[in-house]
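The values are calculated or read from the model by the stated rules, or taken from the named source; none is laboratory data. Predicted model only: the values in this text are computed from it and were never measured. Virtual Cβ from ideal backbone geometry, glycine too; neighbours counted across all protein chains shown.
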2 protein chains.
Amino acid sequence: MNNQLIYKSPSFLQHFMEKSFQKVGVPEKDAQICAEILITSDLRGIESHGIGRLRMYIDRLRKGLIEVTNTSKIVKESPTTAVVDGNHGIGMVIGHQCMNLAIQKAQEFGLGAVAVRNSTHFGIDGYYPLMAVNHNMIGMSFTNARPAVTPTFGTLPTLGTNPIAFGAPTDEDFPFLYDAATSITQRGKIEVLNRKEKPVFDGWVIGEDGKPLVDAGEILDKLMVKEAALLPIGGASEEGGGHKGYGLSTIVEILSSSLQSGTFLFALSGFDAQGNETRYRVGHFFFALNIENFLPIENFKKNIGALLRDLRSVRKYPGKDRIYTAGEKEFETEQIIREQGVPINSNLLSDLKYIDKLLELGEFEP
Amino acid sequence: MNNQLIYKSPSFLQHFMEKSFQKVGVPEKDAQICAEILITSDLRGIESHGIGRLRMYIDRLRKGLIEVTNTSKIVKESPTTAVVDGNHGIGMVIGHQCMNLAIQKAQEFGLGAVAVRNSTHFGIDGYYPLMAVNHNMIGMSFTNARPAVTPTFGTLPTLGTNPIAFGAPTDEDFPFLYDAATSITQRGKIEVLNRKEKPVFDGWVIGEDGKPLVDAGEILDKLMVKEAALLPIGGASEEGGGHKGYGLSTIVEILSSSLQSGTFLFALSGFDAQGNETRYRVGHFFFALNIENFLPIENFKKNIGALLRDLRSVRKYPGKDRIYTAGEKEFETEQIIREQGVPINSNLLSDLKYIDKLLELGEFEP
C-alpha cells in the first residue's frame, strides 16, 4: 500500500470542506461550523475525526440520511436545562447550537445542561468543551454511537465507544482537555492500523469465543457481523477493572438517551432489519459550569495550573522522560501541524479528489 | 490468622456506631447520619468503607484531627451553585448537608452543584447520589483522597483513588448506581488480600522501577514509603488505555479542589514535613439534576430500565452466565446481608470490643 504523505495547509482544507458542505446544500454558516469542527480535529492530530470523515458526511448528506438544513427544536426548557430534537440534521451544527445554549444558561444561572435526541455524528467530542472554555467555563460533552463495545461478561458489540469530554481553562497556553472513548480504543484506530498493515494491541478486542483478536482486517470484518467486540477501558475482566469502563460507558448512554427518550444501543446501528441504511438518531448531552459562580476565574486558573504542573513533575517511569496532562500532546501537535500542514495519505487524497470531482469544486484538478 | 466470621444485625451495628459517635461528642443527629452512611456501605457488601472504618473515625475525632461539631459554612453561593468550607468537620455530615443543598438547588432551578474544601473522609462515594435518587434526580459525587495513584509514565503515588459516583432512578427494584475509584483497585482491597495471604492481581501496582508488584505485604510497605504506586484504570501504558484512567482521576481532582481553592495531591497525605499527623483537608464535588426538568419521571425510569435490561441480555462470555449493571450486585448482596447479618471477622470484632470498652458503651461486654 502506498502510504506516502503529502501536506496541505489547514486553511486550504478548511476552505475545501466549507465549499463541499455548501455544494451539497448546507447553508454557509452551518458549512463553516462543520469545517471548523473537522479541522480542529486534524489540528489536534486526531486523524480519525477530521477531514478523513468528509466523504462519509458528504455521502450521507447526499443520500438524505443527514438533513442539509438544521430544523432542530427545543421540545422542553427550564432556566438551566433543555431537551432538543435534532430532527436528523448535521450533528456538528446541532452540537454547536446546543453547547451554546448550555453556555447561555450557565452564564445566567451558573449551570446549564442540554440533552439532544435524533442527532447525527457530531465530530470530535472535545470540540464542545472548548467552546465553554472560551467563555471561562468548564464544559462537558457526551454522545452515544453505534454498537461496538461489549458489556463486561459479554462478547457482543452493544454500547457505542461513548466518549467523555471535559475541558477547563488554565493559566497555561492551552486548556485542560480530556476527550476519550470509554472503550480502550475505537474503530478509527483499528482502521488506521489496517491501512498501515500493523497488528492490533492484544487486549483491545475479543471475538465471539472471548479470545483476543489482533489482526486488524479480521477485526473490522468481524465487527461488521457482530463476531467481535471492542472492550471497555479496563478490558474483559473485573480484576482488570473492565466493569468500570463498562459502567462509565453506560453512564454516557444514559445521559445521551434516557433524559431525552432517545435511541440507544442496537437501534443506533444505522441499518434496519432488512439491512437498509437508516437515520442515525444519535443522542448527546452537553454541560456548562460558569467558574465565576465558584471563585474568581484567575484563582481557578492558578489552582488548576498548579495541579497540572505538579502532576507533570513526579518521578518518571524508567525510559520515559515526560508525564503529560490531558490536552498537552494535542496542543504540541497543533503547533507542528500549523507549521508543516495536515498530513494527507494516499487514501485520503483520493477521497478528496473524488469529492472535488463529484462536486465540481476545482480545488485539486482545475 | 483467625478469619472465622460472626454475623451481627445491621440495626445492632448502626445503633453501636451511633452511640460511639455520640460518646466522643458528636451531636445526636450527626451521629445518626454517620451511622446511616457507614451501615449503607456494609449493607452493599463494601466492607472497606463501613463499620470497619469506625475505629479510624473514633481515633481521629478523639485526637481532634476531625472536629466533632459541624461548623461548615457556605462561602459563596448562586442560584445553582455553592462553595462550602467544611472547617475540618466529619466528612459524612458535611457531605450529607452539601448533597442536600445541591438537591434543593436542583429542585428549584433544575441543576445544583456544590464544591467543598477542608472536609474529611466522607465514607462511600455512592451514598450521596442515592440521596438524589430518592428525590427522583440524577446525583453525582466526587472526592479527592491521599496520594496513592501514579500518573501515566510516572511511578509515584500522586493522585488519590479519586472515585466517581453516579446514581439514577429506574423502573426496577433498585437504582442504577456506579461507584468506583478511578484506579484499578484501592488500598482497602490490598489489605484484604494481605489478611487472606493471597497475591495481588498482576497489573494493579507498580514499583519504583516500573515493574508490577504482586506481594500484598510488600506493596503495603512500599506504598507507605512511596516506592510503589497504584495504577489508574487501564494500567501503566497508553496502549492499554491507562492515560484515560489517569485523565479521569485528574478530572475528579480538579472538581474536588480547583473550584474551591482546596488542597490537592501531596498536601492530602495527612502528615506534615516532620511526619506529624495533620488535618485532612479533603475536597468534594456534588451534583444534582432534576429529571422532571427534562421529561416525566416515569418516562425516564422506563427509558433507563429498558437500556439496562438490554445490556444484561446480550451474548455471554464463555463460562459467564450473567451480565450485571452497576448497582445490581450490591442490591443482591444487601438482600443477603439483611437476612444473615453483617459478617464480622476477628480483627473487626476486636476493634469493636476495643471501642466498646474505651467508650464504656456496654454493648459487647455488659
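Points to keep in mind about this one:
- Restricting the range A:310-323 to residues that are part of a loop (DSSP other than H, G, I, E, B) and within 7 Å of another protein chain (Cβ to nearest Cβ), the residue that is nearest to B:G245 (Cα to Cα): A:I323
- So B:K316, is it basic (K, R) and within 11 Å of B:T170 (Cβ to Cβ): no
- Selection count where residues are on the phi < 0 side of the Ramachandran plot, more than 21 Å from the chain's Cα centre (by Cα) and of a type outside the set (S, T, N, Q), scope the range A:227-243: 8
- Top-ranked residue of the range B:293-309 - restricted to ones that are more than 28 Å from the chain's Cα centre (by Cα) and among the charged types (D, E, K, R), ranked as farthest from the other protein chains (Cβ to nearest Cβ): B:E298
- Of all the residues in the range A:67-115, those that are touching a residue at least 40 places away in the same chain (Cβ under 8 Å), out of contact with any strand residue (DSSP E or B) (no Cβ under 8 Å at 6 or more places or on another chain) and not in a helix (DSSP H, G or I) number 4.
- All conditions in (1) over 30 Å from B:A113 (Cα atoms); (2) of a type outside the set (D, E, K, R); (3) crowded, with 18+ Cβ neighbours inside 10 Å; (4) more than 8 Å from every other protein chain (Cβ to nearest Cβ) hold for A:V282, with the sole exception of (1).
Rundown of residues vs (1) polar (S, T, N, Q); (2) in contact with a strand residue (DSSP E or B) (Cβ under 8 Å, 6 or more places away or on another chain); (3) under 29 Å from B:A288 (Cβ atoms); (4) not assigned by TED's automatic domain parsing to the domain that holds B:I103, yes/no style:
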{"residue": "B:G154", "(1), (2), (3), (4)": "no, yes, no, no"}
{"residue": "B:T158", "(1), (2), (3), (4)": "yes, yes, no, no"}
{"residue": "B:T170", "(1), (2), (3), (4)": "yes, yes, yes, no"}
{"residue": "B:P199", "(1), (2), (3), (4)": "no, no, no, yes"}
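- All positions within the range A:1-45 that are of a type in the set (D, E, K, R), outside any helix (DSSP H, G or I) and surrounded by fewer than 22 Cβ atoms within 10 Å (Cβ to Cβ): A:K8
- The residues of the range A:251-272 that are in a helix (DSSP H, G or I), of a type in the set (S, T, Y) and facing another protein chain (nearest Cβ under 9 Å), listed by number, are A:S257, A:S258.
- Single residue of the range B:305-337 satisfying the filter (charged (D, E, K, R) and either within 25 Å of B:K196 (Cα to Cα) or in contact with a helix residue (DSSP H, G or I) (Cβ under 6 Å, 6 or more places away or on another chain) (or both)) that is surrounded by the most Cβ atoms within 10 Å (Cβ to Cβ): B:E330
- Scanning the range B:232-250 for residues that are outside any helix (DSSP H, G or I) and not small (G, A, S) yields B:P232, B:I233, B:E238, B:E239.
- Criterion violated by A:D171 - all others in (1) assigned to a loop (DSSP other than H, G, I, E, B); (2) of a type in the set (D, E); (3) away from every other protein chain (no Cβ under 12 Å) satisfied: (3)
- So B:G275, is it facing chain A (nearest Cβ under 7 Å), without any contact (Cβ under 8 Å) to a residue 12 or more places away in the chain and on the phi > 0 side of the Ramachandran plot: no
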